Amino acid sequence: MLILRKYTALLGIALSALSTIFCPFLKVPIKGNWNLYETDTSLFLITLGILGLLVLFFVLRKITLFRFTAILYLCWTVLGLVAVYFKINNYFGMKLVDGLLAKTLHIQWGWAVLIGSALIVVFSVKKVKEIS
C-alpha cells in the first residue's frame, strides 16, 4: 500500500515550479544568469508538462501514477543536467572553440535546487505493509 505525504509532495512541486523560473541554471558572461527557460525552451516546457502531470495525479489521488511520474521527473531532471553539460562542452564540434565555450559558461546552483525538489517529490510517496 502506498501513502502520499501531501504537504511534502506540495512542497516539492512548488519548489520545482519556482526554481525553474527564479533560480539561475547557467551563467553566461555578458547576459548574466539564465533560468531554465532561457537555457533551453523545450527542456523548460517538458519539465513543466511533467510537473503538470504530477499535479493532476495529486488532485485525482492516483498515487501509483504519481509515484511513476515522480520517478520519471527525477530521471528527466538528471537527464536535463547531463544534456546541458554536454551541449556546453560539445556545441561546435571543434575542440578549441568548445574548450573556450566550456570555460566561459558555468552551470549554476539552480540545478541542485531542481534535482533536490525532484527528490522531495519522489520521497513523498511511502510504501507501507498492509495489516490484515
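Give me D for region 12-83 in µm² s⁻¹, whole number, from Stokes-Einstein with Rh from the Kirkwood sum over alpha-carbon pairs, 4 °C and 1.567 mPa s.
100 µm²/s
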_Stretch gain in nm, segment Tyr7-Ile131, where the contour uses 0.36 nm per residue and the Cα spacing is subtracted_ = 42.2 nm
_Hz values of 3J(HN,Hα) by residue in region 119-125 - Karplus curve (6.51, -1.76, 1.60), Gly and Pro given as x_ = 5, 4, 5, 5, 7, 7, 9
*Of the chain, which part is the longest with no trypsin sites (Lys or Arg not before Pro) in a loop (DSSP not H, G, I, E, B) and with at most 13 other C-beta atoms within 10 angstrom?*
62-128
*Which lysines does Lys62 reach when only Cα atoms under 28 Å apart count, and residues fewer than 8 places away in its own chain are ignored?*
Lys6, Lys126, Lys127, Lys129
_Please list, by residue number, everything in region 25-46 whose backbone N is under 12 Å from a paramagnetic label point 7 Å out along Cα→Cβ of Thr104._
28-32
_FRET efficiency for Val55 and Val28, using Cβ-Cβ distance with R0 set to 30 Å, rounded to 0.05_ = 0.45
*Considering only Ser117, Ser42, Ser16, give the residue with the highest GNM mean-square fluctuation for the chain, with springs between Cα atoms whenever their separation is below 10 Å.*
Ser42
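Which chymotrypsin sites (Phe, Trp or Tyr not before Pro) does region 1-100 hold that lie in a coil by DSSP with at most 16 other beta carbons within 10 Å?
Here the sparse-neighbourhood loop sites are Tyr91, Phe92.
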*If you compute log10 I(q)/I(0) by the Debye sum over Cα atoms at q = 0.09 Å⁻¹ for the structure shown, which of [x] -0.31; [y] -0.46; [z] -0.27 do you land on?*
[x]
*What residues qualify as long-range amide H neighbours of Val28, i.e. H under 5 Å apart, gap of 5 or more or another chain, H built at 1.01 Å from N?*
Asn33, Trp34
*asked:* Compute, for the chain, the length of the dipole vector about the Cα centre, with Cβ point charges of +1 (Lys, Arg) and -1 (Asp, Glu) only. Units Debye, rounded to 20.
replied: 400 debye
*Using θ = phi - 60° and the Karplus curve 6.51 cos²θ - 1.76 cosθ + 1.60, what whole-Hz ³J(HN,Hα) does each residue of region 32-42 get, with Gly and Pro shown as x?*
x, 7, 10, 7, 5, 5, 6, 5, 7, 5, 5
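We did not get these values from a lab; they are worked out from the coordinates using the rules stated. Every value quoted in this text rests on a predicted model; they were computed, and no experiment measured them. Heads up, the Cβs are rebuilt from the backbone with ideal geometry, glycines too, and the neighbour counts pull from every protein chain shown.
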